[in-house]
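Here's the structure we're looking at; comments come further down.
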Ligand code: ADQ
């Protein structure tokens, strides 16, 4: 993959970074962190070099900044500047406002959304800390690239401190409709925060429309017909749908590696049935894992002739394990797997296999290669990288992608078989359809899907982000109006 270097230095700012740092009795250890954001952004900063400002999972009674971590340690390509959180900030900013309020709201799970003023205050406080560190790190000519809903106020805080900074922001999750977003008492502050960047991007045109509608209704922002460049408080902002691409070359190379192919064959032998259906997700309620299992149960009921030939493997990467809701989800998933296997298992064979762990990239691609069908059926998802990774790995042009229409990726991956995750009977039918698909039809669809994933890959995405920044001309900045509840950097 060729990543265009910026002429400037890149400063990435995100809540979670590429490493998780832990203090143990034996000393400090660092491990890799798994998330869609890291999968997407790391190959870019590895190519461009620069600084990544992030929280690396450490809680400290005296929160602040604590050190610089070269990555990778032996042959550094960039540095991570760590922000630490206090236990209370971790609870109220991270688990609370970000994951307990904004995450469910953005995914349209209104009944899971907790609105709490103390959490909102802490969210502002932590955003201010990220902004202050970014302002200190910033040099003339840098591109600052801020990521996701945890840090929506940072553009405004940084703009106040460094008016001439070039700021891009990428929102990785869905942006909800006005009806839902306006439930948030601080909706205007979040919008104002975001409107202080030069380039603001989402995964899909629907999220762009939702954002612009909210900005127009709540702040009176005028949106031009082509929806690209908006003007606000004397500045120009590019608002665009720039769906993330993946490093397709890397997946292709892994899939062509004989050792990965041997692993795929070993998985097939171990599974032992004619069909292997695969699910790979973070264990999150938005990913629809329980609903998928329900569909598998219906599939096994409805199509008894398939029972002997069929295995469903769910690989779930641990996520937000400190949180009760996520622990309960894990228990519910594991109970459901047990129930289905209890009903349909025979002597030495069970229809559902389940792993609660992270796979390394070689194993991940081996699983993609071994599967006949990938079931990617989130209830709602910003984009979903797994769908694109599966496609990029299928250099044999075989296999079928079954995709939820509520994943942002469905806008691009139009040759996937669509399955409604809220309708388990429909999912079961679509799975049957996918398993019965002829090799010729699989190949026809997979070639078109691969073309799309390869053309709109990670370097295309990065180039689009740079283009969208270039669209806006830096202007003399007007003094900003500053709301009472959005604090300054101090
Ligand atoms: P996530 O919600 O984390 O990302 P997703 O896009 O599916 O979701 O990315 C998950 C990443 O983790 C993928 O790269 C996948 O390979 C990896 N992964 C998942 N399970 C794994 C396992 N068991 N072992 C190893 N790796 C595993 C958020 C948004 C998404 C958006 C991304 C990128 O929620 O909608 O697509 O950011 O913007």
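Is it true that some residue in the range 317-332 is within 18 Å of residue 273 (Cα to Cα) and in contact with a strand residue (DSSP E or B) (Cβ under 8 Å, 6 or more places away or on another chain)? Before the answer, list the steps.
Filtering the range 317-332 for residues within 18 Å of residue 273 (Cα to Cα) gives none.
The answer is no; no qualifying residue exists.
Taking the conditions exactly as written (surrounded by fewer than 20 Cβ atoms within 10 Å (Cβ to Cβ), part of a helix (DSSP H, G or I), within 16 Å of the ligand (Cβ to nearest atom) and more than 22 Å from the chain's Cα centre (by Cα)), does residue 334 satisfy them or not? Spell out how you get there, then give the answer.
Working: surrounded by fewer than 20 Cβ atoms within 10 Å (Cβ to Cβ): yes; part of a helix (DSSP H, G or I): yes; within 16 Å of the ligand (Cβ to nearest atom): yes; more than 22 Å from the chain's Cα centre (by Cα): yes.
So residue 334 fits the description; yes.
Inside the range 196-255, can you point out the residues that are without any contact (Cβ under 8 Å) to a residue 60 or more places away in the chain and over 22 Å from residue 149 (Cβ atoms)?
220, 222, 224, 225, 226, 231, 253
Which fully enclosed strands (runs of 3 or more DSSP E) of the range 192-294 have 3 or more residues being closer than 26 Å to residue 413 by Cα, at pLDDT 95 or above and within 16 Å of the ligand (Cβ to nearest atom)?
On the way: elements: 199-202, 229-232, 235-241, 275-282.
So the answer is 199-202, 275-282.
For the range 1-52, what are the residues that are part of a helix (DSSP H, G or I) and at pLDDT below 80? Reasoning before the result, please.
The first filter runs over the range 1-52 and keeps only residues part of a helix (DSSP H, G or I), leaving 36-48.
Result: 36, single match.
Those residues that are more than 8 Å from the ligand (Cβ to nearest atom) and farther than 19 Å from residue 84 by Cα, I need them from the range 26-45; list them, please.
Answer for the range 26-45, where residues must be more than 8 Å from the ligand (Cβ to nearest atom) and farther than 19 Å from residue 84 by Cα: 26, 41, 42, 43, 44, 45.
Just for the range 309-318: of the residues that are closer than 30 Å to residue 87 by Cα and surrounded by 14 or more Cβ atoms within 10 Å (Cβ to Cβ), which one is nearest to the ligand (Cβ to nearest atom)? Lay out the reasoning, then the answer.
Here is the first cut: in the range 309-318, the ones closer than 30 Å to residue 87 by Cα are 316-318.
With the extra rule that they be surrounded by 14 or more Cβ atoms within 10 Å (Cβ to Cβ), the set shrinks to 316-317.
On the way: 316: 6, 317: 4 Å.
The extreme case among them is 317.
For the list (1) at pLDDT 95 or above; (2) part of a helix (DSSP H, G or I); (3) within 16 Å of the ligand (Cβ to nearest atom), I need the number of the one condition that residue 428 fails.
All conditions pass for residue 428, except number (3).
Looking at 356, 390, can you tell me which residue is within 12 Å of the ligand (Cβ to nearest atom) and within 17 Å of the chain's Cα centre (by Cα)? Show your work before the answer.
On the way: 356 fails: within 17 Å of the chain's Cα centre (by Cα).
Testing whether each residue is within 12 Å of the ligand (Cβ to nearest atom) and within 17 Å of the chain's Cα centre (by Cα) leaves just 390.
Tally up the residues in the range 396-414 that are over 24 Å from residue 294 (Cβ atoms) and surrounded by fewer than 17 Cβ atoms within 10 Å (Cβ to Cβ), please.
Initial filter on the range 396-414 (over 24 Å from residue 294 (Cβ atoms)): 396-398, 411-412, 414.
Okay, now just the ones that are also surrounded by fewer than 17 Cβ atoms within 10 Å (Cβ to Cβ), so 396-398, 411, 414.
Looking only at that region, the number is 5.
Would you kindly identify the helices (runs of 4 or more DSSP H) lying entirely within the range 95-164 that contain at least 3 residues that are modelled with pLDDT of 95 or more, buried (at least 23 other Cβ atoms within 10 Å of the Cβ) and assigned by TED's automatic domain parsing to the domain that holds residue 78?
117-137, 154-161
Of all residues in the range 309-328 being in a helix (DSSP H, G or I) and without any contact (Cβ under 8 Å) to a residue 40 or more places away in the chain, which is farthest from residue 20 (Cα to Cα)?
Step one: filter the range 309-328 for residues in a helix (DSSP H, G or I), giving 309, 324-328.
From what is left, the residues that are without any contact (Cβ under 8 Å) to a residue 40 or more places away in the chain are 309, 324, 327-328.
Details: 309: 41, 324: 21, 327: 20, 328: 24 Å.
Looking at the filtered set, the residue picked out is 309.
Results for (1) buried (at least 24 other Cβ atoms within 10 Å of the Cβ); (2) modelled with pLDDT of 95 or more; (3) touching a helix residue (DSSP H, G or I) at 6+ places or on another chain (Cβ under 7 Å); (4) closer than 19 Å to residue 286 by Cβ, shown as yes or no for each residue.
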{"site": "307", "(1), (2), (3), (4)": "no, no, yes, no"}
{"site": "320", "(1), (2), (3), (4)": "no, no, yes, yes"}
{"site": "326", "(1), (2), (3), (4)": "no, no, no, yes"}
{"site": "340", "(1), (2), (3), (4)": "no, yes, yes, no"}
{"site": "357", "(1), (2), (3), (4)": "no, no, no, no"}
{"site": "363", "(1), (2), (3), (4)": "no, yes, yes, no"}
{"site": "366", "(1), (2), (3), (4)": "yes, yes, yes, no"}
{"site": "387", "(1), (2), (3), (4)": "yes, yes, yes, yes"}
{"site": "392", "(1), (2), (3), (4)": "yes, yes, yes, no"}
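Determine, yes or no, whether residue 417 is in contact with a strand residue (DSSP E or B) (Cβ under 7 Å, 6 or more places away or on another chain), modelled with pLDDT of 95 or more, buried (at least 24 other Cβ atoms within 10 Å of the Cβ) and closer than 30 Å to residue 461 by Cα.
Working: in contact with a strand residue (DSSP E or B) (Cβ under 7 Å, 6 or more places away or on another chain): yes; modelled with pLDDT of 95 or more: yes; buried (at least 24 other Cβ atoms within 10 Å of the Cβ): no; closer than 30 Å to residue 461 by Cα: yes.
Answer is no for this residue.
Which one of 364, 379, 383 is part of a loop (DSSP other than H, G, I, E, B), within 9 Å of the ligand (Cβ to nearest atom) and assigned by TED's automatic domain parsing to the domain that holds residue 415?
Values: 364 fails: part of a loop (DSSP other than H, G, I, E, B); 379 fails: within 9 Å of the ligand (Cβ to nearest atom).
Going through 364, 379, 383 in turn, just one is part of a loop (DSSP other than H, G, I, E, B), within 9 Å of the ligand (Cβ to nearest atom) and assigned by TED's automatic domain parsing to the domain that holds residue 415: 383.
It is to be established whether one or more residues within the range 407-414 are within 11 Å of the ligand (Cβ to nearest atom) and without any contact (Cβ under 8 Å) to a residue 60 or more places away in the chain. Please lay out each step first, then the result.
Residues of the range 407-414 within 11 Å of the ligand (Cβ to nearest atom): 407-409.
If we keep only those that are without any contact (Cβ under 8 Å) to a residue 60 or more places away in the chain as well, we get 407.
Taking every residue of the range 407-414 in turn, at least one turns out to be within 11 Å of the ligand (Cβ to nearest atom) and without any contact (Cβ under 8 Å) to a residue 60 or more places away in the chain.
Tell me which residues, restricted to the range 53-73, are surrounded by fewer than 18 Cβ atoms within 10 Å (Cβ to Cβ) and either modelled with pLDDT under 85 or touching a helix residue (DSSP H, G or I) at 6+ places or on another chain (Cβ under 7 Å) (or both).
Residues satisfying the conditions are 59, 60, 61, 62, 64, 65, 66, 67, 72, 73.
The values are calculated or read from the model by the stated rules, or taken from the named source; none is laboratory data. Computed from a predicted structure; not experimentally measured. Reconstructed Cβ throughout: ideal geometry from the backbone, glycine too, with neighbour counts over all protein chains shown.
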